[in-house]
Amino acid sequence: MSNFVKQNINDFSFNPFTMIGKEWFLITAEHEGKQNTMTASWGGVGILFGKPVAYIFIRPQRYTKEFVDVTSHFSLSVLPETYRKQLNYLGTVSGRTEDKITLSNLTIEKEENIPFFKEANTVFLCKKLVAQPIDESSFLDSALVERWYKEKDFHTMYIAEIESVLINTKSDEEI
């Protein structure tokens, strides 16, 4: 039985700079019955096309990108600080080479057939709206390319409608 309840996005309050930049999140998608995930700390939320949206960035070499590219939905799971070790692991090991979700000892749940993590305190269920590759000509400040893209492995930006926000009703200790 799920410990999650849907939260009206208009009643949901959080600091995106802390949640995204410091707490991080897991981008998770499924294709043909298999899930993959990656840790991310770049992204944001806002309103676009009259909808609540999240935007995320994935480099071309990330295995999770293959899953996000072929599906219409993905989740963003924000886990408590007690899971920092797992977040680090999931951000550095490829799902191509090992079953990192199983080895992380985290648990996949699904809502509306979208995978997310049971251990999360907050989950955004997202429907892709835009996938926009970024290239070197996009940058107005060349110092950004020099600092973040030495390998020229430019991200794809995904903009997705936040269709649901799920809040875990269990405390960190109960999860």
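Observations, loosely collected:
- Which numbered condition Thr97 misses (of (1) under 20 Å from Glu23 (Cβ atoms); (2) outside any strand (DSSP E or B); (3) open to solvent by 20 Å² or more (accessible area, probe 1.4 Å)): (1)
- Ser164 vs. criteria under 22 Å from the mean Cα position of the chain (by Cα), open to solvent by less than 50 Å² (accessible area, probe 1.4 Å), closer than 29 Å to Ser104 by Cβ and at pLDDT below 95: no
- Matching residues in region 111-147 - criterion: being without any contact (Cβ under 8 Å) to a residue 40 or more places away in the chain and either outside any loop (DSSP other than H, G, I, E, B) or of a type in the set (Lys, Arg) (or both): Val130, Gln132, Pro133, Glu136, Ser137, Ser138, Ser142, Ala143, Leu144, Val145, Glu146, Arg147
- Filter result (in contact with a helix residue (DSSP H, G or I) (Cβ under 9 Å, 6 or more places away or on another chain), of a type in the set (S, T, N, Q) and farther than 17 Å from Val68 by Cα) within region 126-175: Ser142, Ser164
- The condition of being part of a helix (DSSP H, G or I), β-branched (Val, Ile, Thr), closer than 29 Å to Ser94 by Cβ and open to solvent by 70 Å² or more (accessible area, probe 1.4 Å) holds for only one of Thr82, Thr64, Thr18, that being Thr82.
- Cβ-Cβ under 6 Å pairs, at least 6 apart or on other chains, region 23-35 side surrounded by fewer than 19 Cβ atoms within 10 Å (Cβ to Cβ), far side outside any strand (DSSP E or B) and of a type in the set (Val, Ile, Thr): His31/Val70; His31/Thr71
- Each residue in region 41-57 was checked for being free of Cβ contacts under 8 Å to residues at least 40 places away in the same chain and either open to solvent by less than 40 Å² (accessible area, probe 1.4 Å) or of a type in the set (Asp, Glu) (or both), and 3 of them qualify.
- Condition met for Ser13 (farther than 17 Å from Ile134 by Cβ and either within 11 Å of the chain's Cα centre (by Cα) or crowded, with 18+ Cβ neighbours inside 10 Å (or both)): no
The values are calculated or read from the model by the stated rules, or taken from the named source; none is laboratory data. Small disclaimer: the values here were computed from a predicted structure and weren't measured. All Cβ positions, glycine included, derive from the backbone under ideal geometry; neighbour counts span all protein chains shown. SASA here: full protein model, heavy atoms, side chains in, ligands and nucleic acids out. Shrake-Rupley method; radii C 1.70, N 1.55, O 1.52, S 1.80 Å.
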